[in-house]
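Participant: Okay, handing you the structure first.
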Amino acid sequence: MLFNIAILLGTLVAMEGVGTLAHKYIMHGWGWWLHRSHHEPHLGMLETNDVYLLALALVATGLVALGKAGHAPLQWVGAGVAGYGVAYVLAHDGVFHRHWPNAPRPVNRYLKRLYQAHRLHHAMPGRKSGVSFGFFYAPPLRVLKRQLKARRRAARRAG
Ligand SMILES: [Zn+2]
Ligand SMILES: [Zn+2]
């Protein structure tokens, strides 16, 4: 049991790394056409960006199915992927973007910092201008602000 919990927790931590890289290199790379909806003003609860969440759910379901079919402990990896997806929806859609009617507010310093870091991710429009691609880890805000200033300067120079 302890071993399984360790796998679940390890998967949760690893998923932040996977999520950060996917956000930076896929969603802001060749997958921008799906993520783009998230960086533009919109109304409503759903956006094409949610396709990524669907993909995550499929991966989690597949892993759990494989685990149940005898490839233990893959179901715990799947549970970790699913848990990350749920945490992402709560933090990103709920706290960061307040998509829900009764949206929760960032209650502690950690969440406040994540919230502000994600504001900075959305501070400039476009694919290449983002900073802070993680969802549960953010570099110090002053570092992000410095990066953002450099991006702004570069954008101005490029016209
Ligand atoms: Zn983004
Ligand atoms: Zn966002």
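Participant: Using the Karplus curve 6.51 cos²θ - 1.76 cosθ + 1.60 with θ = phi - 60°, work out ³J(HN,Hα) for each residue of the stretch 26-32 in order, rounded to whole Hz, and write x for Gly and Pro.
Facilitator: Ordered by residue, 3J(HN,Hα) equals 9, 5, 9, x, 5, x, 4 Hz.
Participant: Which of the helices in the chain, when you take each full DSSP H run, stretch at least 20 Å along the axis at their Cα atoms and have an average Kyte-Doolittle score of 1.0 or higher?
Facilitator: Helices meeting the criterion: 2-21, 51-68.
Participant: Quick one: with all protein chains in place, what share of the accessible area of the chain is carbon or sulfur, to the nearest percent (1.4 Å probe)?
Facilitator: Taking all protein chains in place, the chain shows 67 percent carbon and sulfur surface.
Participant: Right, another one. If you only keep lysine pairs separated by 8 or more in sequence, or across chains, how many in the stretch 2-158 come under 28 Å at the Cα atoms?
Facilitator: Lysine pairs meeting both conditions in the stretch 2-158 amount to 9.
Participant: A further question on this structure: Given Tyr115, Val51, Phe135, which one lies farthest toward the positive end of the charge dipole of the stretch 2-158, if we put +1 on the Cβ of every Lys and Arg and -1 on the Cβ of every Asp and Glu?
Facilitator: Tyr115
Participant: Å³ per residue of the Cα convex hull, for the stretch 73-151?
Facilitator: Convex hull volume per residue, Cα atoms: 118 Å³.
Participant: Can I ask one more? Where the centroid of each part is defined by its Cα atoms, how far is the stretch 15-31 from the stretch 101-156 in Å?
Facilitator: 15 Å
Participant: Ok, one more. Kindly provide the helix-only [θ] at 222 nm of the chain, computed as the sum of -39,500 (n - 2.57) over DSSP H runs of four or more divided by all residues, to the nearest 500 deg cm²/dmol?
Facilitator: -18000 deg cm²/dmol
Participant: Plugging the Kirkwood radius over Cα pairs into Stokes-Einstein for the stretch 1-149, at a temperature of 25 °C and a viscosity of 0.890 mPa s, what D comes out in µm²/s?
Facilitator: The estimated diffusion coefficient comes to 150 µm²/s.
The values are calculated or read from the model by the stated rules, or taken from the named source; none is laboratory data. Please read these numbers as outputs of a predicted model, since none were measured by experiment. We place every Cβ from the backbone using ideal geometry, glycine too, and count neighbours over all the protein chains shown. For the accessible areas, the whole protein counts, side chains as well, though only heavy atoms, and no ligand, DNA or RNA atoms are used. Shrake-Rupley method; radii C 1.70, N 1.55, O 1.52, S 1.80 Å.
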